[in-house]
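Quick notes on the structure that follows.
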Amino acid sequence: MHNADVIELTRKTKETDIALSLSIYGSGNAHIQSGVGFFNHMLEALTKHSLMDLNLQCKGDTHIDGHHSVEDCGILLGQALAQGIYPVQGIERFGNASVVMDEACAECDIDVSNRAFLVFDTHAYKLPFKGMVGELDVELVEEFFRALSFNAHLSVHIVLKRGKNLHHIIEAMFKAFGVSLRRALTLNPRILTPSTKGVL
């Protein structure tokens, strides 16, 4: 996994047509056209702070809503990560980050475990976690991280610690995920397989 190879994948359904290229150990460069403006911005933030290079072009049925596009982008990004990560060798495996954006603070913990799980906890937001931020339905944030986590076989906990402004909250989540993933994938030559099982 520890090379500069570019992973290229496509996904075409009746709902979406997506082309993706990913370099896990990149420089944080992003070229994103998902069809959902605020989601573009969030993927750019994730890419910047993970130091991956991501090119993603999605044509989806956004005339219905953004659900299929956002979820399918998560699926394909997760599949690309899985292709580049496993079998796990020579990385830290665990990553954690808390990111502040003004009044909001979100924490993300990642275990590159080859076991898919997502905890998405927004209880600190006193209102229902719903609404629109630009063109993005707030409920799709959890859908994206679930699709990504399960297809990348990552255990991910995203917890909102505090926040009132949905733009700030969501951006803090994406940035925290990016930083946590970067830390989890940090190369460490002292670590062969980071598991007592001997394989991940």
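What the table shows:
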| item | result |
| --- | --- |
| Over the range 114-200, volume per residue of the alpha carbon convex hull, in Å³ | 108 |
| Per residue accessible area of the chain, 1.4 Å probe, in Å² | 47 |
| Percentage relative contact order, the chain, counting C-alpha pairs under 8 Å, at least six apart | 26 |
| Fully extended contour minus Cα-Cα distance, from Lys126 to Glu142, at 0.36 nm per residue | 4.1 nm |
| Charge dipole magnitude, Cβ of K and R +1, D and E -1 - the range 83-181, Cα centre, debye nearest 20 | 180 |
| Residues Arg190 and Lys164, FRET efficiency given R0 of 30 Å [Cβ-Cβ distance, rounded to 0.05] | 0.10 |
| Whole-number Å³ per residue for the convex hull built on Cα positions in the range 42-121 | 139 |
| Between the range 57-128 and the range 21-52, the Cα center-to-center distance that results, in Å | 12 |
| Protein accessible area in the chain, 1.4 Å probe - carbon and sulfur % | 51 |
| Straight-distance crosslink candidates among lysines, where the alpha carbon sits under 21 Å from Lys59 and sequence neighbours closer than 8 are dropped | Lys12, Lys14 |
| Share, in percent, of DSSP beta bridges within the chain that are antiparallel, nearest 5 | 80 |
| Candidates Met42, Met101, Met173: whichever shows maximal mean-square fluctuation once the chain is modelled as a Gaussian network with Cα springs under 10 Å | Met101 |
| Unit charges at the beta carbon, dipole of the range 6-185: most positive-side option, Phe120, Val88, Ile169 | Val88 |
| Cross-link reach list, aspartates and glutamates versus Lys197, counting only Cα pairs under 17 Å and skipping chain neighbours closer than eight places | Glu92, Asp111 |
| Answer label for percent of Cα pairs over 21 Å apart (calculated), chosen among (1) 53; (2) 48; (3) 72 | (2) |
| Qualifying trypsin sites (Lys or Arg not before Pro) in the range 127-200, DSSP loop, other Cβ atoms within 10 Å at most 12 | Lys130, Arg190, Lys197 |
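The values are calculated or read from the model by the stated rules, or taken from the named source; none is laboratory data. Please read these numbers as outputs of a predicted model, since none were measured by experiment. Ideal geometry is used to build each Cβ from the backbone, glycine not excepted, and the neighbour counts take in all protein chains shown. For accessibility, only protein heavy atoms count, side chains too; no ligands or nucleic acids. Shrake-Rupley method; radii C 1.70, N 1.55, O 1.52, S 1.80 Å.
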